[in-house]
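S.K.: Provided herewith is a single structure, encoded as structure tokens, for subsequent inquiry.
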Amino acid sequence: MTDTTASAPMTGRQLARDLADVDPVVAEAIRHETEKQTHKLVMIASENYSSEAVLQAGGSVMSNKYAEGYPAKRYYGGCEFVDLTENLAIDRAKELFGAEHANVQAHCGTQANMGVYFSVLEPGDTLMGMDLPHGGHLSHGHRLSFSGRLYNIVTYGVDRETELLDYDAMAEVAERERPKLIVVGASAYPRHIDFERCREIADSVGAYLHADIAHPAGLVAAGLHPNPCPVADFVTTTTHKTLRGPRGGLILCKQEHAKDLDRSVFPGIQGGPFEHLIAAKAVCFGEALTDGFKAYAAQIIANAKTLAAHLAEGGYRIVSGGTDTHLVLVDVGLKNITGKDAEAWLNSAGIVVNKNTIPFDERSPFVTSGVRIGTPSVTSRGLTEEHMSTVSRWIIRALECDGDESTLAEIAAQVRGLSDAYPIYDWRL
Ligand code: DSN
């Protein structure tokens, strides 16, 4: 007799089987990632734990829906519910940042930046961005990024002494190079940016001003960091860092740029928007509008300042002398430790950070003299200033044990104790 089950189409209720049955290898990898996020202290400045509500929307059936176009102007039928959530995301984003126009379709921060560049620049135009080793971002003109390949890139950076953005030097570069667009914002700059001053510089040469606030967006939303929306032509951000939403991008702009921007995102650089993640962005923006989120953002900053102060007391040089934000850049090179070793040792101690170049770094980006430490995730757990004193002691002990495995294991056990006392998700592992 022929076995018909082997070739029976996989349909209907068979699609409702649990991941662990369908694909144990993927299920196991997710379980390990969950365990790691649960038991370690995640201190990567660009990461966070989004809420269950955000994860639910992001893992929902909205993922099945095609919706090329924009709400009420789609190329597909059946878009009534994704129109509802996309409109909600747009309205909430505008309210949160005080923006004239919002496009919530960019899949990530780099794509958000690409959407902006494509709406006002032509290949070969001059784009001015912050130098990567000074804290900038790949998509602001690095030679290996599309931005560095398409545009004529000129850069600005920080002052060697203060390690603060050098606005006078920035104005000189702008005057000399006459960029068409100036992008400000960074992934490893711990200080506030003076957006008004940047606007003056852009105006002095007739350039567009684009602020990339991917890192401090949650702090901006909470009113605890200068907001570039009133002065910048374009503002981009990711939604998963301090904003604590799903992985994704967001573009805000002045009304005069709205049409060109929307066209450059779709059909310019993207096809079907990720409507599941747009629904999750709507949830995230709704959460960020609450007083609870404002208090959370204030705690992120208080934790980062406290951590920086303790590490400085412990003898570590903090780049720029401190922080105004969620991140602390530590010069471990002065202690004859590389960022690469520091990252590995801290990871073994249960504290996840990333190596990072510091301004004027003489080590390569694969080795570096710095580590970047961020407080958004640990603050989401509920840790406060008093815990930062303990955490900084663990960090210093891990950095100074020269990779000794038993010391690192001892710290990891203490880290796990603290993590378990401040659980993040109510999942059984
Ligand atoms: N994700 C950014 C960061 O870690 O700062 C880089 O793209």
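The values are calculated or read from the model by the stated rules, or taken from the named source; none is laboratory data. Note that the coordinates shown come from a computational prediction; the quantities given were computed from them, not determined experimentally. All Cβ positions, glycine included, derive from the backbone under ideal geometry; neighbour counts span all protein chains shown. Protein only, heavy atoms only, side chains kept; ligands, DNA and RNA dropped before computing areas. Shrake-Rupley method; radii C 1.70, N 1.55, O 1.52, S 1.80 Å.
S.K.: Can you list residue pairs whose Cβ atoms sit under 9 Å apart, with the first residue in the range 110-130 being more than 16 Å from the ligand (Cβ to nearest atom) and the second being open to solvent by 40 Å² or more (accessible area, probe 1.4 Å) and among the β-branched types (Val, Ile, Thr)? Count only pairs 6 or more apart in sequence or on different chains.
M.R.: Filtered contacts from the range 110-130: Thr126/Ile153; Leu127/Ile153; Met128/Ile153; Met128/Thr155.
S.K.: Taking into account only those residues within the range 176-188 that are free of Cβ contacts under 8 Å to residues at least 60 places away in the same chain and crowded, with 21+ Cβ neighbours inside 10 Å, which is farthest from the ligand (Cβ to nearest atom)?
M.R.: Among residues in the range 176-188 that are free of Cβ contacts under 8 Å to residues at least 60 places away in the same chain and crowded, with 21+ Cβ neighbours inside 10 Å, the one farthest from the ligand (Cβ to nearest atom) is Pro179.
S.K.: Taking the stated definitions as given, is Asp420 closer than 29 Å to Glu28 by Cα and surrounded by fewer than 22 Cβ atoms within 10 Å (Cβ to Cβ)?
M.R.: The answer is yes for Asp420.
S.K.: Suppose the filter is open to solvent by less than 20 Å² (accessible area, probe 1.4 Å), under 24 Å from Glu256 (Cβ atoms), among the hydrophobic types (A, V, I, L, M, F, W, C) and more than 16 Å from the ligand (Cβ to nearest atom); does Phe97 pass it? Can you show your working first?
M.R.: Numbers: open to solvent by less than 20 Å² (accessible area, probe 1.4 Å): yes; under 24 Å from Glu256 (Cβ atoms): yes; among the hydrophobic types (A, V, I, L, M, F, W, C): yes; more than 16 Å from the ligand (Cβ to nearest atom): yes.
The answer is yes for Phe97.
S.K.: When you scan the range 242-280, how many residues do you find that are within 16 Å of the ligand (Cβ to nearest atom), buried (at least 22 other Cβ atoms within 10 Å of the Cβ) and part of a loop (DSSP other than H, G, I, E, B)?
M.R.: Final tally of qualifying residues: 6.
S.K.: Follow-up. Starting from the range 216-241, take each residue that is in contact (Cβ under 8 Å) with a residue 12 or more places away in the chain and assigned to a loop (DSSP other than H, G, I, E, B) and list its partners that are open to solvent by 20 Å² or more (accessible area, probe 1.4 Å) and within 12 Å of the ligand (Cβ to nearest atom), counting only C-beta distances under 6 angstrom and pairs at least six apart or across chains.
M.R.: His240/Arg247; Lys241/Ser46
S.K.: Only one of these is open to solvent by 20 Å² or more (accessible area, probe 1.4 Å) and closer than 25 Å to Val328 by Cβ: His134, His107, His140. Name it. Working first, answer last.
M.R.: Values: His107 fails: closer than 25 Å to Val328 by Cβ; His140 fails: open to solvent by 20 Å² or more (accessible area, probe 1.4 Å).
Going through His134, His107, His140 in turn, just one is open to solvent by 20 Å² or more (accessible area, probe 1.4 Å) and closer than 25 Å to Val328 by Cβ: His134.
S.K.: Answer with yes or no whether Lys73 is open to solvent by 10 Å² or more (accessible area, probe 1.4 Å) and within 24 Å of Val235 (Cβ to Cβ).
M.R.: Judged against the criteria, Lys73 is a match.
S.K.: Hey, another quick one. Counting just the residues of the range 71-123 that are of a type in the set (D, E, K, R) and touching a strand residue (DSSP E or B) at 6+ places or on another chain (Cβ under 9 Å), which one comes out nearest to Lys254 (Cα to Cα)?
M.R.: Going through the qualifying residues, I end up with Glu100.
Conditions (1) modelled with pLDDT under 95; (2) open to solvent by less than 90 Å² (accessible area, probe 1.4 Å); (3) farther than 30 Å from Ala217 by Cα; (4) more than 26 Å from the chain's Cα centre (by Cα), marked per residue:
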residue: Pro9; (1), (2), (3), (4): yes, no, yes, yes
residue: Lys36; (1), (2), (3), (4): yes, yes, no, no
residue: Met43; (1), (2), (3), (4): no, yes, no, no
residue: Gln56; (1), (2), (3), (4): no, no, no, no
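S.K.: Of these, Asn152, Asn87, which one is in contact with a Gly (Cβ under 7 Å, 6 or more places away or on another chain), in contact (Cβ under 8 Å) with a residue 12 or more places away in the chain and away from the ligand (no atom under 16 Å from the Cβ)?
M.R.: Asn152
S.K.: All but one of (1) within 16 Å of the ligand (Cβ to nearest atom); (2) touching a residue at least 24 places away in the same chain (Cβ under 8 Å) hold for Arg363; which doesn't?
M.R.: Evaluating Arg363 over (1) within 16 Å of the ligand (Cβ to nearest atom); (2) touching a residue at least 24 places away in the same chain (Cβ under 8 Å) leaves (1) as the failure.
S.K.: Here's a check for you: in the range 341-358, which residue that is within 16 Å of the ligand (Cβ to nearest atom) and not aliphatic (A, V, I, L, M) is farthest from Ser406 (Cα to Cα)?
M.R.: Ranking the candidates gives Thr357 first.
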